[in-house]
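The values are calculated or read from the model by the stated rules, or taken from the named source; none is laboratory data. Not measured: the values here are computed from a predicted model. Counting neighbours? That spans all protein chains shown, and the Cβs are built from the backbone with ideal geometry, glycine included.
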Amino acid sequence: MQVTGLLEAKQLIRRLGKKLPEAVVKATNEWGGSGTTGLETKMKRRLRQVSERWRGEIYNSIVWHPVGPRGGAGGLNISYHGLQLSRMRPHWVSLKRGRRITQWAQFHGMNPKKYSNAQGNEVAFKSIYVKPHEFVDSTIQQNIPLLQKKLKLFVARTMRNRGR
């Protein structure tokens, strides 16, 4: 009995052992990066849709840290304030002098000093009801299937090229 191709099979397994982790890293970085389809870009776009930007602190804090060439962990960083904005409970906020939310309320026509009610009496806004601006969880849930798709694509491409 004669076995042929054993050397080629060993070489293929060795090449795939090197190239498959690289393909996974490349797919993950493409999924999370700042390109047009990246998670970072989509998260920033969703934040612009649901929230007023006063100083851009949350917007600028959304950064994708790529997976290193040897694997390891990559991730999307966002400021703690951004997570609070996305996951807070609905609640009332009092409008006091010197707060940014008071400035926002005045800008949108909610004068904390005076307004007229239906009877013609002047009444002041004391507080406003705020709701969460959900942009973190919804964006991630929408993009998980894209990660699976990209991983399958890159791994299939590596297998098709036989690890070359």
Which one of the conditions (1) modelled with pLDDT of 85 or more; (2) loosely packed, with under 12 Cβ neighbours inside 10 Å does Phe107 fail to meet, given that it meets all the rest?
-> (1)
Reported set for segment 134-164 where residues are more than 29 Å from Leu47 (Cα to Cα) and part of a loop (DSSP other than H, G, I, E, B) is Asn161, Arg162, Gly163, Arg164
Would you mind stating whether His81 is modelled with pLDDT of 85 or more and either of a type in the set (Gly, Ala, Ser) or over 18 Å from Thr37 (Cβ atoms) (or both)?
-> no
